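**Student:** Sharing a structure with you now.
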Amino acid sequence: MDLSPTQIEEFGKIVGHDFFSTDPIVQDRLARTTLPEEGSRPLGIIRPANREQVQQIVRLAAAHKTPLYPISTGKNWGYGDACAPLEGCLILDLSRMNRILEVNSKLAYAVVEPGVTQGQLSNYLRQNKIPLIMDCTGAGPETSLMGNALDRGFGHSPYGDRFGNSCNYEVVLSDGSLLSTGFGAYPNAQAQHVYKWGVGPSIDGLFTQSNLGIVTRLTLWLMPQPESLEYFFITLKTPEAISGLVEVLRQLRLQGMVRSTVHCLNERRLVASRAQYPWDQADGKQALEKQHPELLDKLCRQYGIPAWAALGVVMGSRVMTAAARRSIQKGLKGLPGLDRVLFLTEKQFTWLNRGASVMKWIIPNHPLLKSLGEARVGMDMLTGTPSFDTLKGAHWRARKEPGPAQDALDSGSGLIWISPVLPMMGESVSDLTRLAEPLFHQFGFEYQVTLSLTTERALSAIMSICFDKSSREESARAKACSEKLMDVLMNAGYVPYRGSPAILASIRKYSPAFWTAAAKLKQTWDPDGLIAPGRYIPDQKSKRTSA
Ligand SMILES: Cc1cc2nc3c(=O)[nH]c(=O)nc-3n(C[C@H](O)[C@H](O)[C@H](O)COP(=O)(O)OP(=O)(O)OC[C@H]3O[C@@H](n4cnc5c(N)ncnc54)[C@H](O)[C@@H]3O)c2cc1C
């Protein structure tokens, strides 16, 4: 299906012809994906400048029954990129709508449009000397705050739950009308930016991981800069020691001693964030740890990589951080397999860095110098400054250079995230390892995992299947690996918190009642399946083909 010349003229008129394209080269670019499946090819792309233009586009699309796929910045790498789940959508790219509409430093919130990126808000706060901290993800400076929140992504601070820390959504519905959620529904409601629930049914969540509306504005809560802040780094000597660490961290999280999202990365995930697959010495047919354990050991030694590394931050008053530090030290005392615990303040880091700059002259390649650089990236992220460096892990098996923005699509990276949520229990982590690691090995991939302790009771295990997208054989293996993994995980009751269209398709069959109810909502709010057909909620009626 193509757009007719009349449609092209009409869509172009709304935004200006410079911001609308059906060029096949642009279509090809938009169809790029890190997933093993072919990306869906869109009809084109339209880039509105404001909410009024979004409403006009939606009305015109409704008149012509042209499906729209909204993106904020479209960098949903590993979960679907900028590709619609189904063929033949017009990409509604909201990245031009990138105004920070308000920052309230007393009540600690920002009101943003879809295109506002992590880098933009972070810079804005710093440049205007606003003493607030934004939660930050590892997806780099050029990804949006809104797209991430609407996919219920998470960052690294105590406000890591992006959806939980947002409210007051302004939404364009499928008939072009406007809806505001929470107290935003009431003109001049005084508490619209500071109270999530409003009155009556709470419907913010309906616009996340769904296709019921196009969000054009939301409020995001920020953290005040604390009086005192200490980063902590924990390393483990053995792979099994992670279960004990998770037990300790759960207790600390439940007691409120650790409030930030703690991220624990296994050895192979750490290696991937610093190096690339040694293609000159291995063929990628088997996991490196199976085929060439000596090469993996060499990389670990070269970069000083432990079996596990965990990273978090404690913040508050001086008394609070000192108490938290003592509790963490006490909790970790005698933990089997513990390697090191390090607490660092900004001041201490500065001193270490000064020492390192002297050391650079004496031992230029000392691993400590590299570790300091890595620590800086992690510390910045914990306090709201995104970095392109955190994107390096995506390119593990890529064959091309990623370029300065570390874009996984530019390096030809293959990446599938499988992200089951587990009860925060050591035994659940052991169970996951027992189930998942052999499957990664069966299909010839390194077992890379980050355990993100996002709440007090649950953690998300973010497993990455990294593959060489330029190889058909390897892509097919990655697909088979993800299918088998999903099968095994779903049968064991480990359900992902988010996923690509293929992952979602494999989840739905386990809960037909839930997805039928969701489809009824879609039918009521968007009977013609105009907005993001097939995104999370299955497409009921159309004959559009799945990508
Ligand atoms: C190395 C690496 C590290 C990563 N680290 C993290 C991490 O720490 N945390 C994390 O959560 N993710 C992470 N990601 C995954 C992903 O890149 C981010 O979640 C990213 O923020 C999503 O892209 P985006 O912001 O451009 O959202 P988009 O791609 O624009 O949108 C995401 C989804 O929301 C929908 N959507 C977007 N805007 C709207 C709107 N206005 N109205 C309705 N629907 C909309 C889109 O249709 C899409 O399905 C990482 C990826 C890589 C490769």
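The values are calculated or read from the model by the stated rules, or taken from the named source; none is laboratory data. Since this is a predicted model, take the numbers as computed values, not measurements. All Cβ positions, glycine included, derive from the backbone under ideal geometry; neighbour counts span all protein chains shown. Ligands, DNA and RNA are stripped out before the accessible areas are found, and what is left, the full protein with its side chains, is counted by its heavy atoms. Shrake-Rupley method; radii C 1.70, N 1.55, O 1.52, S 1.80 Å.
**Student:** Would you work out what percent of the accessible area of the chain, with all protein chains in place, is carbon or sulfur (probe 1.4 Å)?
**Tutor:** The C+S portion of the solvent-accessible surface of the chain is 54 percent.
**Student:** Using the per-residue mean of other Cβ atoms lying within 10 Å as a proxy for protection, in what order, highest first, do the peptides 176-188, 490-502 fall?
**Tutor:** Highest to lowest by the protection proxy: 490-502, 176-188.
**Student:** To test your reading of the geometry: what angle, between 0 and 90 degrees and rounded to tens, separates the Cα axis of helix 367-382 from the longest principal axis of the chain?
**Tutor:** 40
**Student:** How much space per residue, in cubic angstrom, does the convex hull of the C-alpha atoms of region 5-93 take up?
**Tutor:** Taking only Cα atoms, region 5-93 has a hull volume of 87 Å³ per residue.
**Student:** Let me ask something additional. Would you compute, from DSSP H runs of 4+ residues alone, the mean residue ellipticity of the chain at 222 nm, taking -39500 (n - 2.57) per run and dividing by the full residue count, rounded to the nearest 500?
**Tutor:** Numbers: 16 runs with 193 residues, N = 547.
-11000 deg cm²/dmol, from helical runs alone.
**Student:** Can you list the lysines whose alpha carbon is less than 18 Å from that of K106, not counting same-chain residues fewer than 8 positions off?
**Tutor:** List returned: K129, K196.
**Student:** Right, next: To the nearest 10 degrees, how steeply does helix 293-303 sit against the main Cα axis of the chain, on a 0 to 90 scale?
**Tutor:** That helix lies at roughly 80 degrees to the long axis.
**Student:** Sort 235-242, 346-353, 118-125 by packing, meaning the average of other beta carbons within 10 Å per residue, with the highest value first. Numbers along the way, then the final one.
**Tutor:** Values: 235-242: 18.0, 346-353: 12.2, 118-125: 20.0.
Per-residue Cβ counts within 10 Å, averaged per peptide and sorted highest first, yield 118-125, 235-242, 346-353.
**Student:** Another one. Nearest 10 degrees is fine. How inclined is helix 318-332 to the longest principal axis of the chain, computing both from alpha carbons?
**Tutor:** 70
**Student:** Let me ask another. From the cross-link list K298/K392; K75/K520; K237/K347, which pairs have alpha carbons spaced over 25 Å apart?
**Tutor:** Correct reply: K75/K520; K237/K347.
**Student:** Give me the aspartates and glutamates in straight-line cross-link reach of K479: C-alpha distance below 20 Å, same-chain residues under 8 apart excluded.
**Tutor:** E37, E38, D81, E87, D283, E437, E446, D468, D487
**Student:** I would also like to ask the following. Considering only DSSP beta bridges whose two residues both sit in the chain, what percent are antiparallel, to the nearest 5?
**Tutor:** 90
**Student:** Let me ask another. Let me spell out the model: positive unit charges on the Cβ of Lys and Arg, negative unit charges on the Cβ of Asp and Glu, origin at the Cα centre of region 331-454. What dipole size does that give, in debye rounded to 20? Spell out each step's value before the answer.
**Tutor:** On the way: 12 positive and 12 negative charges, 93 e Å.
My answer is approximately 440 debye.
**Student:** Here is a further query. If you count the DSSP beta bridges with both ends in region 58-144, what percent of them are antiparallel, to the nearest 5?
**Tutor:** Of those bridges, close to 55 percent are antiparallel.
**Student:** Let me ask something else. Students often check this: by mean Cβ neighbours within 10 Å, which of 446-453, 279-286, 400-407 ranks highest, and how do the rest follow?
**Tutor:** Numbers: 446-453: 24.1, 279-286: 12.5, 400-407: 14.6.
Packing order, densest peptide first, comes out as 446-453, 400-407, 279-286.
**Student:** Dipole size in debye (nearest 20) for the chain around its Cα centre, Lys and Arg Cβ +1, Asp and Glu Cβ -1?
**Tutor:** 1120
**Student:** Can you tell me the accessible area per residue over region 100-224, all protein chains present, probe 1.4 angstrom, in square angstrom?
**Tutor:** 36
**Student:** For a test of the definition: using alpha carbon positions, the gyration tensor, and the 1.5 limit on a/c, classify region 228-501 as rounded, prolate or oblate.
**Tutor:** Oblate.
**Student:** Oh, and also: Just the accessible area per residue of region 5-93, please: how many Å² with a 1.4 Å probe?
**Tutor:** On a per-residue basis, 39 Å².
**Student:** Also, I was wondering about something else. List the lysines whose Cα lies under 21 Å from the Cα of K484, skipping any in the same chain that are fewer than 8 positions away.
**Tutor:** K285, K290, K469, K509
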